[in-house]
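Following: one structure in structure tokens, then a few remarks.
Nothing in this text is a laboratory measurement; each read-out follows from the coordinates by a stated rule. Not measured: the values here are computed from a predicted model. Positions of Cβ are backbone-derived with ideal geometry, glycine not excepted, and every protein chain shown enters the neighbour counts.
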Amino acid sequence: MIRPFATVALRTLAASMPGLVLAATLSVTPAMALGEKASVEIKDRAGKILGIVELIETMAGVLMMVRLKGLPPGTHGFHFHDTGRCEGDFSSAGAIYNPLGAKHGFLNEEGPMAGDLSNLVVGPSGEVDVELLSPFVTLNKAAEESLFDAGGSSLVVFEKADDHQSEPEGGAGARIACGIVTPAR
């Protein structure tokens, strides 16, 4: 299975090196990681645990089971970031995960970045319980878009909604919660 954001690059390579592209595609398919799991313990800036995000590799991408409480009600940007660190104001998490150099947002014709996700909608109780699917990342350690690259990765919750096109983070404001993606044991 070829991930959607890699299709154009693979078509270009396929024209000049069809055997190499087929071998590369077969060597990093999600099927190799099918069923792999990871988890993310999300904490606020005070270090309070807000909940867990469970990740599982599927044939369509990474399925995310998001169960958080204690967030401000409203709509919040939510992204994978390129560093597995969550310190201070969470700028330590780095930029939105973007191994292929795309632009930010689902509404950007040069996007999305691999780490772009749907907004989280938090109810009046401060809780969110939702399943999301990211077809742009993988738990397969051998793939270019793996969440387990050398720097690791994190999930960040923002104070406001992501507009899905403004650089660099969709106008979503401050980072209010963060967690490091950790392989299941």
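Worth pointing out:
- Theoretical FRET efficiency, 1/(1+(r/R0)^6), r = Cβ-Cβ of ALA150 and SER91, R0 22 Å, to 0.05: 0.70
- Per-residue Cβ neighbour rank within 10 angstrom, fewest leading, SER125, SER146: SER125, SER146
- DSSP-defined beta bridges in segment 33-183 - what % are antiparallel, rounded to 5: 100 percent
- Within the straight-line cut-off of under 21 Å between alpha carbons, the lysines reachable from LYS48 are LYS69, LYS160, sequence neighbours fewer than 8 places apart in one chain being disregarded.
- Efficiency of FRET between ASP163 and ARG45 - r from beta-carbon atoms, R0 30 angstrom, step 0.05: 0.80
- Over segment 33-183, the reciprocal of the mean inverse Cα-Cα separation, the Kirkwood hydrodynamic radius, stands at 14.9 Å.
- The residues MET64, MET59, MET113, when put in order of fewest to most other Cβ atoms within 10 Å, stand as MET59, MET64, MET113.
- Positive end of the dipole of segment 118-169 (Cβ unit charges, origin at the Cα centre): among VAL130, VAL157, LEU147, the Cα lying farthest that way belongs to LEU147.
- Straight-line cross-link reach from LYS141 at under 28 Å between alpha-carbon atoms covers these lysines, not counting any fewer than eight positions away in the same chain: LYS37, LYS43, LYS103.
- Cβ crowding within 10 Å ranks ARG175, ARG67, ARG185 as ARG185, ARG67, ARG175, fewest other Cβ atoms first.
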